[in-house]
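Structure, as structure tokens:
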Protein chains: 2
Amino acid sequence: MAIVKNEKITSRDEDFAKWYTDIVKQAHLAHYTSVKGCVVFEPYAFAIWENMQATLDKMFKDTGHENLYMPMFIPESLLLKEAEHVEGFAPEAAWVTYGGKNMLEERLAVRPTSETLFCDYYSSIVNSYRDLPKLCNQWCSVVRWEKSTRPFLRTREFLWQEGHTIHETAEEAEAETLRMLNIYKKFFEEYLAIPVLVGKKTEKEKFAGAEYTLSLEALMYDGVSLQSATSHYFGQKFSIPFNVKFVDRNNKLQNVYQTSWGASSRMIGALIMVHGDDNGLVLPPKIAPKQIVIATIRNDENVLKTASELESKLKKCGYRVILDTSDKSAGFKFAEYEMKGVPLRIEIGPRDVANGNVQLARRDNGEKENVKIEDVLNKVPVTLESIQKNMYDKALKHTQERTYTCTDLEEVKKIMNTKPGFIKAMWCGELECELKMKEIRGMKSRCIPFEEEHISDHCIVCGKKAKHMVYWGIQY
Amino acid sequence: MAIVKNEKITSRDEDFAKWYTDIVKQAHLAHYTSVKGCVVFEPYAFAIWENMQATLDKMFKDTGHENLYMPMFIPESLLLKEAEHVEGFAPEAAWVTYGGKNMLEERLAVRPTSETLFCDYYSSIVNSYRDLPKLCNQWCSVVRWEKSTRPFLRTREFLWQEGHTIHETAEEAEAETLRMLNIYKKFFEEYLAIPVLVGKKTEKEKFAGAEYTLSLEALMYDGVSLQSATSHYFGQKFSIPFNVKFVDRNNKLQNVYQTSWGASSRMIGALIMVHGDDNGLVLPPKIAPKQIVIATIRNDENVLKTASELESKLKKCGYRVILDTSDKSAGFKFAEYEMKGVPLRIEIGPRDVANGNVQLARRDNGEKENVKIEDVLNKVPVTLESIQKNMYDKALKHTQERTYTCTDLEEVKKIMNTKPGFIKAMWCGELECELKMKEIRGMKSRCIPFEEEHISDHCIVCGKKAKHMVYWGIQY
């Protein structure tokens, strides 16, 4: 391994939480502000977000969704219309009570999520089945007044997208719920290089007001899981109280069937915690703001000329390239771009140019290779592809190694206290047993996979007849 | 003229305000919500906004600016740091006072603009002249608790971008202020097809806290002017109270020089009011969500085949095309896309196909043309370009016709009460005379142009020695 440990950050095996905060700071991702739980998304993190956004947005539009923008304020009376929903979100809402010097007649919640606003809008624009489906999405920030916060993982204000769709039939809405889950899955696996579990949340863990929630769960390097995106099926649970009705094909008045689905800036946290190492971020080529850094060593005319020619050739091919010709030392330069997780580094020095070579250094595994200058354009796409694949494979291997099949609570405890991960275990379906599991390091059910394995006949907690195989894990 | 007046909307010469509201509703641009002054940006308006955003964002990035995201909450104490600024914005701030059930120790303003947040951030990340300049921008929504509101023109929450830059020297910051003004000017003229006046705001009209404000002013169809984008030079007015310091090239501690500049969803209002007519929106091709609609009449196999072939050819060339093969009547279909302002309509019916022709209909002037099917791909770019140019020329002619040179207050009154527009008149520089002008239909100074004409030696109000030539006008 050519990579020497970067001393600016704590080792991830030593103190994962501190390692995380160090990277957030040293890679200039987020900056704390005087409002607790609200951070500045610094330009480098925001550039990652913009790439995520562009990719997902295209996937949404390719499947017929349109963007719009809803107000950020929800009148309290509107939030109160669906009982479970308000119970879930009102306790953590930020409330606007004054406009200028005047106290408002009704206080306004800063949106924690926008189901209520979409329902209100849809109820006044939909009349007939001919108006359906409505497939809308918005990119915005939402606010949830959380007690404990952490950059990207849990902040009081965060960036996200929220899709909200309404349909003629339950079947169509359920198909949409699943379709969007699969879009997220594809995005996580193919772009973020993060393997995910998919399945249904238990009643306890579903979204406040949903019939059911489908979820993506990813395992971080430390074995803690992260709920990474969700897709909810609402049935008519909102459309009845909000009176979203249409005249159906039989000329009868009906309530619409509804979904919502979202993914957030938490994905930046996932990227850090799945792929990062002791030298900083490691970004998958498909999402990295810069895919290649050309770093010159001991600049002379030939070095600069070669580097700049290479830069323009690579840019012409569509790569996101940065050229660094500063006179910082090679070690300093390399460490800087390693910290930022740039997937591929091309090193050019006088001896390289004299030999007609450059050095290619991979961020994911530290491998270096001598490449003839004329071969670089052929070598780059292959290497980037190989990095993208290797990152996924590595993360998958890690997830598999940390996925345990258990039939005994003591075993679960031991695992969770030493090398935590996903636990596959049978469950009777009772809330009581779910709460019992929570006593082990706050562990929660992650999801019931679509294809359940049969591990045993008995609930791991109470020993009664098992209903489901469930993935469990401690969570961020 | 082939266009027949659309009966769903009021005539713009009859009642311009009602015409505007009718278009907003009938073209599905904005939808009112139960919170006064907060509207839903419906998908069609949002698609226009996305095109504006993409174009401007590229212009910003091409000139070295980076995007980031600041929190939406500003602690009251932070807002209080610059005296003029707080005086300008605090009276119209929306205040968050509760987080969940707990009253906050300090109330938080929902950002009306983010100078204070950027200063706070910059003060902790800048150390040396080597860190400068910082050229940052963010796309977000802001909130100002306005009394009277109108979709896009003045809403309590609106979408915008705000650029915030800091520099080593005053010269550099002033050059940035002007550079960004010119970027807006280029965008308005070349993309929105809207001619603009540019110049400096008077002391009374400048941004709260700025040294000076540069502004773009456009004239709407009804002769009322719209402040369309602004670029502010702050000097050290914020960097001193916010303590944004750096070690300069002489190793001395200095305060940075600062700018900010913004353009908002108000630009959608400008598009409506400059180009719209009695049949609805008219959108410039460069910004229209769909540039071309292919509308079939009396569908048969040949019509559908020709239309669909044309659609894929045009899409392959990069045009934004919509194909409407519904069985609505031709009149109904045409009216719908005229309402939405689609620049070019291609009509295809059985007789057209039999003759190897299609009809091209321009939205801007209603002209129709028979074009051979094989010529369409050559004809389209020329026509779109001609539409773009014609729209600009028409708007420029209108602005020129409504720009008056005046030396007498009675004359100004008469113009403003009959055919209002921009008034060019001399001014002594005194606030008193500016306020006197305001008595005429609330007229305000628009800007002092960079190249002032000499109209007379005397202030139009008091007759004393004139200091400046000023553009005046009533405003939205």
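At a glance:
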| read-out | value |
| --- | --- |
| Identity of the residue in the stretch A:303-342, aromatic (Phe, Trp, Tyr) and surrounded by 15 or more Cβ atoms within 10 Å (Cβ to Cβ), that ends up farthest from A:Asp22 (Cα to Cα) | A:Tyr319 |
| Members of the stretch A:127-140 that are open to solvent by 10 Å² or more (accessible area, probe 1.4 Å) and either more than 13 Å from chain B (Cβ to nearest Cβ) or touching a residue at least 40 places away in the same chain (Cβ under 8 Å) (or both) | A:Asn127, A:Ser128, A:Tyr129, A:Asp131, A:Leu132, A:Pro133, A:Leu135, A:Trp139, A:Cys140 |
| A:Gly269 vs. criteria in a helix (DSSP H, G or I) and either more than 12 Å from the chain's Cα centre (by Cα) or at pLDDT 95 or above (or both) | yes |
| Residue tally, condition open to solvent by 40 Å² or more (accessible area, probe 1.4 Å), under 20 Å from A:Val126 (Cα atoms) and either modelled with pLDDT of 95 or more or aromatic (Phe, Trp, Tyr) (or both), over the stretch B:6-32 | 5 |
| Tally, over the stretch A:273-301, of residues that are part of a loop (DSSP other than H, G, I, E, B) and farther than 19 Å from A:Tyr221 by Cβ | 9 |
| Filtered residues of the stretch A:67-106 (kept if more than 23 Å from A:His232 (Cβ to Cβ) and open to solvent by less than 10 Å² (accessible area, probe 1.4 Å)) | A:Trp95, A:Val96, A:Gly99, A:Gly100 |
| Subset of the stretch A:50-64 (residues that are of a type outside the set (S, T, N, Q) and open to solvent by 10 Å² or more (accessible area, probe 1.4 Å)) | A:Glu50, A:Ala54, A:Asp57, A:Lys58, A:Met59, A:Lys61, A:Asp62, A:Gly64 |
| Every residue from the stretch A:416-452 that is in a helix (DSSP H, G or I), in contact with a Cys (Cβ under 8 Å, 6 or more places away or on another chain) and either open to solvent by less than 20 Å² (accessible area, probe 1.4 Å) or of a type in the set (Gly, Ala, Ser) (or both) | A:Cys433 |
| The stretch B:90-124 - residue that is more than 10 Å from chain A (Cβ to nearest Cβ) and touching a residue at least 60 places away in the same chain (Cβ under 8 Å) and, of those, nearest to the chain's Cα centre (by Cα) | B:Thr113 |
| Residue list for the stretch A:283-302, restricted to those being closer than 30 Å to A:Phe188 by Cα and open to solvent by 10 Å² or more (accessible area, probe 1.4 Å) | A:Lys286, A:Pro289, A:Lys290, A:Gln291 |
| Boolean, A:Lys36 is within 11 Å of chain B (Cβ to nearest Cβ) and part of a helix (DSSP H, G or I) | no |
| Total residues in the stretch B:151-171, condition buried (at least 17 other Cβ atoms within 10 Å of the Cβ) and assigned to a helix (DSSP H, G or I) | 0 |
| Residue ID - least open to solvent (accessible area, probe 1.4 Å), chosen from residues in the stretch A:141-150 that are assigned to a loop (DSSP other than H, G, I, E, B) and of a type in the set (Lys, Arg) | A:Arg144 |
| Breaking point among (1) open to solvent by 50 Å² or more (accessible area, probe 1.4 Å); (2) under 30 Å from A:Lys316 (Cβ atoms); (3) in a helix (DSSP H, G or I), for A:Leu384 | (1) |
| Close pairs (9 angstrom Cβ cut-off, 6 or more residues apart or separate chains): more than 12 Å from chain B (Cβ to nearest Cβ) and hydrophobic (A, V, I, L, M, F, W, C) in the stretch A:67-84, open to solvent by 10 Å² or more (accessible area, probe 1.4 Å) and part of a loop (DSSP other than H, G, I, E, B) anywhere | A:Ala83/A:Pro241 |
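The values are calculated or read from the model by the stated rules, or taken from the named source; none is laboratory data. These numbers come from a predicted model, not from an experiment. Don't worry about glycine lacking a Cβ; one is built from the backbone with ideal geometry, like all the others, and counts go over all protein chains shown. Note: accessible area is taken over every heavy atom of the protein model, side chains too, but ligands, DNA and RNA are not part of it. Shrake-Rupley method; radii C 1.70, N 1.55, O 1.52, S 1.80 Å.
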